[in-house]
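Read through the structure below, which is laid out as structure tokens, and then see the notes.
Each value in this text was obtained by applying a stated rule to the coordinates, not by laboratory testing. Predicted model only: the values in this text are computed from it and were never measured. Here Cβ is always computed from backbone atoms with ideal geometry, including for glycine, and neighbour counts include all displayed protein chains.
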Amino acid sequence: MDAVRQQLGANLKRRRRAARLSQERLSELADLDRTLISLIERGKKLPRIDTLVKLSRGLGLPLSDLLEGIA
């Protein structure tokens, strides 16, 4: 599961930066706590599916983009 957390975190961070969003702004758009986004990006926490959906909507991306490279 470590590899999954790390890959998901890297995907989220890359997509957030590409969208030119701060963690704070994404937290507002996704209605999530900023510290949760930080934990996910650093591979410290594996989010629930509803959290992934909120993140993908906040980024304006399909959920599959966040799951890229995860087998």
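Sorted largest first, the spans of the alpha carbon positions of the chain along the three principal axes are 28, 22, 21 Å.
Derived scalar couplings between HN and Hα for segment 4-15 equal 5, 4, 5, 5, 4, x, 5, 4, 4, 4, 4, 5 Hz in order, rounded to whole Hz, by the Karplus curve 6.51 cos²θ - 1.76 cosθ + 1.60 (θ = phi - 60°), x for Gly and Pro.
Among 35, 51, a tally of other beta-carbon atoms within 10 Å of each Cβ gives an order, fewest to most, of 35, 51. Fully extending the segment from residue 20 to residue 57 would add 11.8 nm, taking 0.36 nm per residue of separation and subtracting the current Cα-Cα distance. This ranking places 24, 41 by how few other beta-carbon atoms lie within 10 Å of each, fewest first, which gives 24, 41.
Note on residue 10 and residue 65: their simple-model spin labels are 1.9 nm apart, each label 7 Å out from Cα toward Cβ. Listed by chain and number, the lysines whose alpha-carbon sits under 17 Å from that of residue 54, ignoring those within fewer than 8 places in the same chain, are 13, 45.
Checking every one of the trypsin sites (Lys or Arg not before Pro) in segment 14-54 against DSSP loop status and a limit of 14 other Cβ atoms within 10 Å picks out 20, 42, 44, 48.
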